[in-house]
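Everything below concerns the one structure shown next.
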Amino acid sequence: MLQTRLQDTQAEHAEAVLAAYEVLQGLHDRGILEVMRGALDSGDKLLDIAVRAAEGGQSIRGIRNLLLLINMLGRIEPEVLKVFTDAAPQALK
């Protein structure tokens, strides 16, 4: 029964499976899968480093400030921000 279901879904989702293979190959070609594999292999060590880095007061303030900036940017209409970002290089000359 499971084998039949698997064969049926292969035909039904063939395009999606092919697209997933293309994405997977792109990740492999760019070395992203190798980085992910390395992160998995050293997961505990990586997590330990991240936790130690986040324990400091500056890190906590930085994360809070970043969240505040993200919230502020989320309130600005994209058209308004585009006008500003287009004008900024001219103003800096």
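Taken over region 39-93, the criterion of being of a type in the set (Asp, Glu) and over 24 Å from the mean Cα position of the chain (by Cα) is satisfied by 79, 86.
From the list 6, 40, 27, the lone residue that is part of a helix (DSSP H, G or I) and open to solvent by 100 Å² or more (accessible area, probe 1.4 Å) is 40. Out of all the residues in region 78-93, which are of a type in the set (D, E, K, R) and surrounded by 10 or more Cβ atoms within 10 Å (Cβ to Cβ)? Passing the criteria: only 82.
The values are calculated or read from the model by the stated rules, or taken from the named source; none is laboratory data. Source: prediction; values computed, not measured. All Cβ positions, even for glycine, are placed from backbone atoms using ideal geometry, and neighbour counts span all protein chains on display. Keep in mind that these areas ignore ligands, DNA and RNA; they rest on the heavy atoms of the full protein, side chains included. Shrake-Rupley method; radii C 1.70, N 1.55, O 1.52, S 1.80 Å.
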